[in-house]
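The values are calculated or read from the model by the stated rules, or taken from the named source; none is laboratory data. From a predicted model like this one, the values you see are computed outputs, not experimental measurements. So basically every Cβ, Gly included, is an ideal-geometry build from the backbone, and we count neighbours across all protein chains shown.
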Amino acid sequence: MFGFIRDWKRKKLKKQPFPLEWEPILHKHLPFYKDMIDPDREIFRENLKIFVWEKIFIGAKGLEVTDEHRVVISAAAVRLIQNLDLSYFDRLTEIVVYPHDYTHKDTNGVILGEAHHWGIVVLSWPAVLHGLHNPCDGLDTASHEFAHVLDRDGGAFDGTPILRADGSYRSWADVMSRHYENLQDGAKRERKVMRDYGATNEAEFFAVATEAFFEKTEEMKRLTPDLYEELKHFYGVDPDSKC
């Protein structure tokens, strides 16, 4: 029943025109958007407007959420499912945006973002902008956290989202496990492609590998080609890296 209602609402949203005032925001903050061509751009816009209008955005620590926050963060999310489906984000309901990096009482260090089991993503706005404005450093907080959402859609934070076919899981497990273990061991190839944080656990490895796939595409192709092919098959895209 809920799926039927959601699909009905999305059909109505698809008929709504794309807000023209969003275009300057996209061109200002999203380098990858400038290089999109039709029909990819039309698919992206359709997913973007539905995501913006479906999700609840909440400002933290006095931040007043604007269209700029909604559009930029949503664009980072829908980039990941450009050739997948919006249903990968059905579990996600709320996005909390901080005006700065933040901390928790029970943890040490600064936090840039989090993805929770119960359908909430928390993001530092400066970290989001830094990741998007520096598309070659392999550090993209928004892509990282939304990759966790894709992962959780598979049932748990375990580094394995819902893949395109049942026959894909064996190859995925073999390739991801091998490179995860190599990163844990400090292998040079993996460390040139991915941040050490990916060695924390399988879930963080998938999120960090996703950042590298979109931002360090050429290095991943050259140094860990089988990992690149697995992510290319999952995301259904060959990122046009300018780095």
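Below are the figures for this structure:
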{"read-out": "Scope the range 155-175; condition assigned to a helix (DSSP H, G or I) and either within 15 Å of residue 206 (Cβ to Cβ) or of a type in the set (Val, Ile, Thr) (or both); matching residues", "value": "168, 169, 171, 172, 173, 174, 175"}
{"read-out": "Qualifying positions in the range 231-240 - of a type outside the set (A, V, I, L, M, F, W, C) and either surrounded by 21 or more Cβ atoms within 10 Å (Cβ to Cβ) or touching a residue at least 60 places away in the same chain (Cβ under 8 Å) (or both)", "value": "233, 235, 236, 239, 240"}
{"read-out": "Identity of the residue in the range 1-44, under 22 Å from the mean Cα position of the chain (by Cα), among the aliphatic types (A, V, I, L, M) and part of a helix (DSSP H, G or I), that ends up farthest from residue 71 (Cα to Cα)", "value": "43"}
{"read-out": "Evaluation of residue 130 against (1) without any contact (Cβ under 8 Å) to a residue 40 or more places away in the chain; (2) crowded, with 20+ Cβ neighbours inside 10 Å; (3) in a helix (DSSP H, G or I) (one fails), failing number", "value": "(2)"}
{"read-out": "Search result, residues across the range 89-101 that are surrounded by fewer than 20 Cβ atoms within 10 Å (Cβ to Cβ) and either in contact with an Asp or Glu (Cβ under 8 Å, 6 or more places away or on another chain) or in contact (Cβ under 8 Å) with a residue 40 or more places away in the chain (or both)", "value": "90, 91, 99"}
{"read-out": "Residue within the range 168-177 that is basic (Lys, Arg) and either under 25 Å from residue 114 (Cβ atoms) or at pLDDT below 95 (or both) present", "value": "no"}
{"read-out": "Matching entry among 222, 152, 178 (being in a helix (DSSP H, G or I) and in contact (Cβ under 8 Å) with a residue 60 or more places away in the chain)", "value": "152"}
{"read-out": "Candidates 102, 98 - the one that is among the aromatic types (Phe, Trp, Tyr), closer than 21 Å to residue 131 by Cα and at pLDDT below 95", "value": "102"}
{"read-out": "Residue match in the range 36-57 (condition: closer than 18 Å to residue 81 by Cα, among the basic types (Lys, Arg) and surrounded by fewer than 13 Cβ atoms within 10 Å (Cβ to Cβ))", "value": "no"}
{"read-out": "Residues satisfying the stated conditions in the range 82-109, i.e. assigned to a loop (DSSP other than H, G, I, E, B), within 15 Å of residue 52 (Cα to Cα) and of a type in the set (Val, Ile, Thr)", "value": "93"}
{"read-out": "Filter pass, residue 104 being of a type outside the set (S, T, N, Q) and either surrounded by 14 or more Cβ atoms within 10 Å (Cβ to Cβ) or touching a Phe, Trp or Tyr at 6+ places or on another chain (Cβ under 8 Å) (or both)", "value": "no"}
